[in-house]
Amino acid sequence: MTDATTKPTIVLVHGAWADGSSWDAVTRALQAQGYTVLVPPNLLRGLTGDAEYVASFLAQRTSGPVVLVGHSYGGAVITNAGAAAGDVRALVYVNAFMPDEGETVLQILDGSGSALAVADPTTVFDIAGYPGAPEGAAEVFLKADVVHGSFAQDLPEADRWTIVASQRPASLVANVTPSGAPAWKTIPSWAVIGTDDRVIPVAVLRRMAERAGSTVSEVDGASHVSMVSHPDAAVSAILAAVGTV
């Protein structure tokens with residue numbers, strides 16, 4: 001174990017339809033081992049701006065080495081922010097997008113069998129406008145049956161209803177913004193894959209991780225929110241990344 005003064009800061013970036021509380025169990029476990037953990041808000045307004053915000057957060061709120069962790073859409077954000085600011089030494093993707101340059105989230109999911117890749121988005125999303133939205137943009141909320149059946153199906157029912165009630169929506173723009181140069185090409189990465197992910201199907205998660213040369217761990221039967229249902233798996237991958245810093 002490294003000395004407390006040299007331990008990296010661990011920064012956890014949440015995905016769409018979530019907020020920082022989705023990392024609570026992981027945060028507590030890492031703090032109990034003496035790590036400084038920061039959980040910035042992910043604005044969920046558009047990949048370019050969201051990554052710029054996280055990069056700015058890293059530049060201003062961290063000093064010394066950083067292990068940068070992303071869940072779901074947060075993976076696309078750390079892919080773009082990881083090499084832009086801060087001393088990021090390792091990337092950890094938990095059921096997360098790992099786009100290459102020019103790719104969008106929508107392209108990655110197209111034809112994948114994802115529960116969200118449907119011809120009529122209104123069958124899985126409730127869509128609402130928001131003040132200051134760019135032309136054609138709107139917020140998307142997961143319908144309750146999608147949360148229960150495809151997003152967090154391995155959580156207790158009460159927890160699923162809490163997600164339905166408290167989800168933080170993403171702008172449609174976030175899913176169609178092309179990604180920039182990927183940090184995983186220059187920074188070592190780890191990937192945690194829940195094998196019953198119905199949002200980013202397991203074949204897609206494996207393909208992205210292989211392309212990035214990530215160290216992979218799989219969680220049998222885990223849903224898209226594996227860091228909530230199986231936090232130990234995320235913690236183990238983060239600590240493995242920490243061990244190389």
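The values are calculated or read from the model by the stated rules, or taken from the named source; none is laboratory data. Keep in mind that what you see is a predicted model, and the values were worked out from it rather than measured. We place every Cβ from the backbone using ideal geometry, glycine too, and count neighbours over all the protein chains shown. To get the accessible areas, we keep the full protein, side chains included, count just its heavy atoms, and leave off ligands, DNA and RNA. Shrake-Rupley method; radii C 1.70, N 1.55, O 1.52, S 1.80 Å.
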**Asked** Any idea of the accessible area per residue across the stretch 61-113, 1.4 Å probe, to the nearest Å²?
**Response** 30
**Asked** Between the stretch 189-230 and the stretch 36-63, what is the C-alpha centre distance in whole Å?
**Response** 23
**For the stretch 199-244: span of alpha carbons on each principal axis (Å, largest first)** = 29, 26, 13
**Asked** At 222 nm, what helix-only mean residue ellipticity would the chain give, in deg cm²/dmol to the nearest 500, using -39500 (n - 2.57) for each DSSP H run of four or more?
**Response** -9000 deg cm²/dmol
**Item:** Accessible area of the chain belonging to carbon and sulfur atoms, whole % at 1.4 Å probe
**Value:** 52
**For the stretch 27-134: Kirkwood Rh in Å [reciprocal of mean 1/r, alpha carbons]** = 15.6
**Request:** Counting only heavy atoms of the protein chains, get the accessible area per residue of the stretch 127-191 (1.4 Å probe) and round it to a whole Å² value.
**Result:** 47
**Message:** Please compute the Kirkwood hydrodynamic radius over the stretch 154-209, one decimal place, Å, based on all pairs of different Cα atoms.
**Reply:** 14.5
**Complete:** Of the residues ALA237, PRO121, TRP161, the Cα lying farthest along the dipole of the chain towards its positive end, which is defined by charges on the beta carbon of Lys, Arg, Asp and Glu, belongs to ALA237
**Prompt:** With charges only on Cβ, +1 for K and R and -1 for D and E, what is the dipole size of the stretch 153-201 about its Cα centre, in debye, rounded to 20?
**Reply:** 280
**Item:** Theoretical FRET efficiency, 1/(1+(r/R0)^6), r = Cβ-Cβ of ASP220 and THR36, R0 41 Å, to 0.05
**Value:** 0.85
**Fill in**
Measuring from its Cα centre, the chain shows a charge dipole (+1 at each Lys and Arg Cβ, -1 at each Asp and Glu Cβ) which, in debye to the nearest 20, is 520
**Request:** Using a Förster distance of 41 angstrom, determine the FRET efficiency expected from the C-beta separation of TYR130 and THR6, and round it to 0.05.
**Result:** 0.45
**Request:** For the chain, set up a Gaussian network in which alpha carbons nearer than 10 Å are linked by springs, and say which option among ALA183, ALA55, ALA165 fluctuates the most.
**Result:** ALA165
**Request:** Have a look at PHE141, PHE97, PHE125 and tell me which one the Gaussian network model of the chain (Cα, springs below 10 Å) gives the largest fluctuation.
**Result:** PHE125
**Asked** Hey, what's the Cα Rg ratio for the chain versus the globular rule of thumb, 2.2 N^0.38 Å?
**Response** 0.93
**Request:** Name the residue, out of ARG206, ARG61, ARG45, whose mean-square fluctuation peaks in a Gaussian network model built on the chain with Cα pairs under 10 Å.
**Result:** ARG61
**Request:** Would you calculate the separation in nanometres between label points at GLN60 and SER166, each defined as 7 Å from the Cα along the Cα-to-beta-carbon direction?
**Result:** 2.6
**Message:** Taking 20 °C and 1.002 mPa s as the conditions, I'd like the Stokes-Einstein D for the stretch 102-178 in µm²/s, using the Kirkwood hydrodynamic radius from alpha carbon pairs.
**Reply:** 158
**Asked** Convex hull volume of the Cα atoms in the stretch 143-186, per residue, in Å³?
**Response** 122
**Message:** What are the ³J(HN,Hα) couplings of the stretch 220-226, residue after residue, when phi is run through the Karplus curve with 6.51, -1.76, 1.60 and θ = phi - 60°? Round to Hz, x for glycine and proline.
**Reply:** 4, x, 7, 7, 4, 9, 5
**Message:** What distance in nm lies between label points placed 7 Å from Cα along the C-beta direction at ASP110 and ALA203?
**Reply:** 1.7
